[in-house]
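S.K.: There's a structure below that I have some questions on.
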Amino acid sequence: MQAEAAVGETIRFDVLTIFPELLDSPLKEGIIRRAQEAGQIGVFCHNIREYALDKHAMTDDRPFGGGEGMVMKPEPLAAAVQAVQEMAPQPGRVILLSPQGRPYSQSVAQELAGQARLLLVCGRYEGVDERFAARYVDEEISIGDYILTGGELAAMVLIDSITRLRPGVLGCADSADYDTFSRGGLKYPQYTRPRLFEGVAAPEVLFSGDHGAVAQWRLIAAVERTLAKRPDLVARMRFSPGELKILQRQGLLARLRESGWKSRPEN
């Protein structure tokens, strides 16, 4: 049984790869580094080659039936997962990074952030032996409809996006709640110093000191930006009853409905 992470507890990532050095630099920078130092996350990279059965440490072979490329062998992968699972008291959810997996999104990141431990298996070449995936993998996840040379970059995407959702990781506790995609659509435009840049001024309402007016401007701007840049996201946007009234007064509710949005206020 996989364990769930309690608020404030460390989440452990175990990355299984044949190129562990690929993750060295991103794991040593910024928020990821600070989260590790603070004990908010733990990241451990494991070389699948160490679990190969032959003296040449082979982790791939030609596909049965012929065809292009190479396929990752099941024995080293299975041995690696079994050994790594035993390195911590609680079992981890085994995720294979694969273009055939469930599309990754902010909601999936939020779901996985509740896990106490994740084993991220980085595929390579033409993929992994199907027998390994069927027996040892809990879920396959894809970060997009394109092909990478391996799953390491995808694993790093999961680590980064999940880490920033853990309590206490970000400097501002509310940051993750107002991110792009956190409520289904895009975030409102952002401005900082200087107040006037190349003849263009930042919106005056942001200097008003009226928090209600600023919040209303940001809501309207976020909706307008989503309609303009990512209308495909409109259908899953969520609003409180008060926000719906504001959008109706601004004539945006009708535009949202024309773009496929259906009433589904937040609880």
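The values are calculated or read from the model by the stated rules, or taken from the named source; none is laboratory data. None of the values given here were measured: they were computed from a predicted structure. Cβ placement follows ideal geometry from the backbone for every residue including glycine, while neighbour counts extend to all protein chains displayed. Remember, those area values only see protein heavy atoms, side chains included, never the ligands or the DNA or RNA. Shrake-Rupley method; radii C 1.70, N 1.55, O 1.52, S 1.80 Å.
S.K.: Could you check the spin-label model distance between residue 263 and residue 34? Points 7 Å from the Cα along Cα→Cβ, value in nm.
M.R.: A separation of 4.3 nm, rounded to one decimal place.
S.K.: Any chance you could run the full-extension gain for residue 160 through residue 193? It's 0.36 nm times the residue separation minus the Cα-Cα distance, nm to one decimal.
M.R.: Between residue 160 and residue 193, full extension yields 9.1 nm more.
S.K.: Two decimals, Cα atoms only, Kirkwood Rh: what is Rg/Rh over region 92-165?
M.R.: Dividing the radius of gyration by the Kirkwood radius yields 0.94.
S.K.: Right, next: Which loop-located trypsin sites (Lys or Arg not before Pro) does region 1-72 contain, where loop means any DSSP state but H, G, I, E or B and the Cβ has at most 10 other Cβ atoms within 10 Å?
M.R.: 28, 55
S.K.: On a full-extension model of 0.36 nm per residue, what is the gain between residue 110 and residue 210, subtracting their alpha-carbon distance, rounded to one decimal in nm?
M.R.: 32.8 nm
S.K.: Related question: Please get the size of the charge dipole for the chain, origin at its Cα centre, with Cβ charges of +1 on Lys and Arg and -1 on Asp and Glu, quoted in debye to the nearest 20.
M.R.: 1140
S.K.: Sticking with this structure for a sec: Using the charge dipole of the chain (Lys, Arg: +1 at Cβ; Asp, Glu: -1 at Cβ; taken about the Cα centre), state which of 99, 169, 47 has its Cα farthest towards the positive end.
M.R.: After comparing all options, I get 169.
S.K.: Still on this structure, I have one more. Considering only protein heavy atoms and a probe of 1.4 Å, how much of the accessible area of region 9-165 is carbon and sulfur, as a whole percent?
M.R.: Carbon-and-sulfur percentage of accessible area, whole number: 51.
S.K.: Kirkwood Rh over Cα pairs of the chain into Stokes-Einstein at 20 °C, 1.002 mPa s: D in µm²/s?
M.R.: Result for D is 101 µm²/s.
S.K.: What does the charge dipole of region 31-71 about its Cα centre add up to, to the nearest 20 debye, if the Cβ of each Lys and Arg holds +1 and the Cβ of each Asp and Glu holds -1?
M.R.: About 220 debye.
S.K.: Still on this structure, I have one more. Straight-line reach from residue 262: which aspartates and glutamates have Cα under 16 Å away, leaving out those fewer than 8 places along the same chain?
M.R.: Filter leaves 232, 243.
S.K.: Right, something else. Where the eigenvalues come from the Cα gyration tensor of region 8-48, what are the semi-axes √(5λ) of the equivalent ellipsoid, largest first, in whole Å?
M.R.: 19, 13, 5
S.K.: Given 0.36 nm per residue, what is the gain on full extension from residue 232 to residue 79 after removing their alpha carbon distance, in nm?
M.R.: 50.8 nm
S.K.: Give the residue list of GluC sites (Glu not before Pro) in region 67-129 that are DSSP loop and have at most 13 other beta-carbon atoms within 10 angstrom.
M.R.: Sites meeting the loop and neighbour criteria: 68, 86.
S.K.: Can you pull the one-decimal nm distance between simple spin-label points at residue 102 and residue 148, each 7 Å off the Cα toward Cβ?
M.R.: Distance between label points: 1.8 nm.
S.K.: Counting only heavy atoms of the protein chains, get the accessible area per residue of the chain (1.4 Å probe) and round it to a whole Å² value.
M.R.: On a per-residue basis, the chain sits at 57 Å².
S.K.: For residue 115, enumerate residues with amide H under 5 Å from its amide H, sequence gap 5+ or separate chain, H modeled in the peptide plane.
M.R.: Those lying under 5 Å, H to H, from residue 115 are 5.
S.K.: Can you list the lysines whose alpha carbon is less than 18 Å from that of residue 73, not counting same-chain residues fewer than 8 positions off?
M.R.: The reachable lysines, counting only those whose Cα sits under 18 Å from residue 73, are 55.
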